[in-house]
Every structure is written in C-alpha cells, then in structure tokens.
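To start, the structure itself, in structure tokens.
The values are calculated or read from the model by the stated rules, or taken from the named source; none is laboratory data. Predicted model, so just to flag it, every value in this text is computed and none were measured. Cβ sites come from the backbone with ideal geometry, for glycine too, and all protein chains shown count toward neighbours.
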Amino acid sequence: MKGVIVLALKEMVKEKFGKDKWESTLKNAGFEEEPMILPISNVDDQTVLKVIDSLCKVVNISITQAGDAFGDYWINVYAQEIYQVYFTGAKTAKDFLLKMDLVHIAMTKRIPDAHPPRFEYDWKDEKTMIMKYKSQRGLIDIMVGLIKGVGKFYKENLKVTKLGDDKVEIVFP
Ligand code: HEM
C-alpha cells in the first residue's frame, strides 16, 4: 500500500492520541525504530495491517473506532491539504463517492504492482446506494469511516451501514 496512507495514519495517531502512542504502536508491531517512509513508497500490506491492529491494542479501541478516526482525519484534514482538487470537483457526497473508483485507479496508475481498492455502485432505491468494496486487504471498517468522513465534509447526514465484509449501504438525505 502507498506510504501516504501510513503517513496519514501516523499524523492522525500523533494528533488524536499523542506521540507516545504512535511510538508504542510501532514498538508493539515489532519495530525497533521507525522505518523511513515516503508518500510514494510501497509499504507491504501485512505491515500496514499489523500497525493498524497494534494501534487498536495500544489505545484500546475497536477496528470500527480506528476506521472512524482514520476516515475523519484522511478526508477532513490530510486530503484537504494535498488532494483538494477532488473535493472542489464534486458538489455533493454522492458525486464524490461516485468518483472514488476512478480516483483510486488514477492515484496508483504509475506504481508498479499497485492494487488500488475498486468500488462498484448499485442503487437499492433513489436514496440508497450500495457501494461494493473490492480489495484483498479486508479494510471495510476503514472504508466505512472514510464514507462517514465524506458525509461530514459535505455536511450531509449520511446513514452508513456495513453490510458484511464487502458492502456498505449509504442512505443519502
Ligand atoms: C480524495 C480522496 C481520496 C484519495 C486521494 C484516496 C487515495 C487513496 C490511496 C492513494 C490509497 C492507497 C492505495 C494503494 O496503495 O493501493 C487509498 C487506499 C484506500 N482508500 Fe482511498 N482515497 C480517497 C478517498 C477514499 C474514500 C472516500 C474511500 C471510501 C469509499 C476510500 C477507500 C480506501 C480504502 C478502503 C483504502 C485501503 C486500501 C484497500 O482497502 O485496498 N478512499 N486511497
């Protein structure tokens, strides 16, 4: 996975939980010292999963809470600084989410062996969208948190429900 995700996670943990918690998270995940990571680095998926798991233990939160904290931070803080163009190009949460499949392909296009998450969209009724998550990484809880973060950004009261490991239901207002 792209290093930018780990760097955002690190910032989020330092800001929301404190620098010492980030250090403990790395230590508990088996790192003696912090590896050097650039936004464009490729960090192997198992390492990222191990760090997320370690964070949950160190600060005693569930994966759902970790997903919500990361999702809010990524959308409302981190991405605002570096990916603002994607937000100005979409007027509503729905428009933004519908672009996410193409955005993830575009973001990882130049990276050899990249495996961006892919999304498929189905409509249950005119307000209810099912967003299907296609990835080997099993990070559906992170996806749910990100979608909630998008609702917050657009000030829309979205109802976001995880349906198993590969689908999220979103009810738009
Ligand atoms: C400006 C907005 C966004 C940008 C620029 C962005 C970009 C990225 C990038 C670069 C990665 C790493 C991909 C890789 O290394 O293969 C990633 C991962 C991920 N993104 Fe986004 N993302 C955005 C918003 C979202 C939203 C709104 C969702 C949820 C619908 C989402 C879901 C995910 C998930 C679940 C992953 C983890 C990788 C996986 O599960 O396979 N992202 N994103």
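Kindly indicate whether Gly89 is closer than 23 Å to Ala8 by Cα, modelled with pLDDT of 95 or more and small (Gly, Ala, Ser).
No.
For region 1-27, which residues satisfy the criterion of being farther than 23 Å from Met107 by Cβ and either among the aliphatic types (A, V, I, L, M) or free of Cβ contacts under 8 Å to residues at least 40 places away in the same chain (or both)?
Lys14, Gly18, Lys19, Asp20, Lys21, Trp22, Glu23, Ser24, Thr25, Leu26, Lys27
Do you know which of the residues in region 138-157 that are of a type in the set (D, E, K, R) and over 12 Å from the mean Cα position of the chain (by Cα) is farthest from the ligand (Cβ to nearest atom)?
Among them, the one singled out is Lys155.
Among the residues of region 65-109, write down those that are part of a loop (DSSP other than H, G, I, E, B) and away from the ligand (no atom under 11 Å from the Cβ).
Answer for region 65-109, where residues must be part of a loop (DSSP other than H, G, I, E, B) and away from the ligand (no atom under 11 Å from the Cβ): Lys91, Thr92.
Residue by residue through region 115-128, note down the ones that are at pLDDT 95 or above and surrounded by 15 or more Cβ atoms within 10 Å (Cβ to Cβ).
Passing the criteria: Pro117, Phe119.
Condition check: surrounded by 15 or more Cβ atoms within 10 Å (Cβ to Cβ) and farther than 18 Å from Ile5 by Cβ. Does Met131 satisfy that?
When the stated conditions are applied, Met131 passes them.
Before we move on, is Asp141 over 26 Å from Gln46 (Cβ atoms) and either surrounded by fewer than 15 Cβ atoms within 10 Å (Cβ to Cβ) or touching a residue at least 40 places away in the same chain (Cβ under 8 Å) (or both)?
Criteria not met by Asp141.
Inspect all residues belonging to region 106-114 and state whether any of them is touching a helix residue (DSSP H, G or I) at 6+ places or on another chain (Cβ under 8 Å) and at pLDDT 95 or above.
No: zero hits.
Within region 23-54, work out how many residues are assigned to a helix (DSSP H, G or I), among the hydrophobic types (A, V, I, L, M, F, W, C) and more than 16 Å from Gly67 (Cα to Cα).
1
State all residues of region 111-129 that are more than 11 Å from the ligand (Cβ to nearest atom) and without any contact (Cβ under 8 Å) to a residue 40 or more places away in the chain; if no residue qualifies, say none.
Across region 111-129, the qualifying residues are Pro112, Glu120, Asp122, Trp123, Asp125, Glu126.
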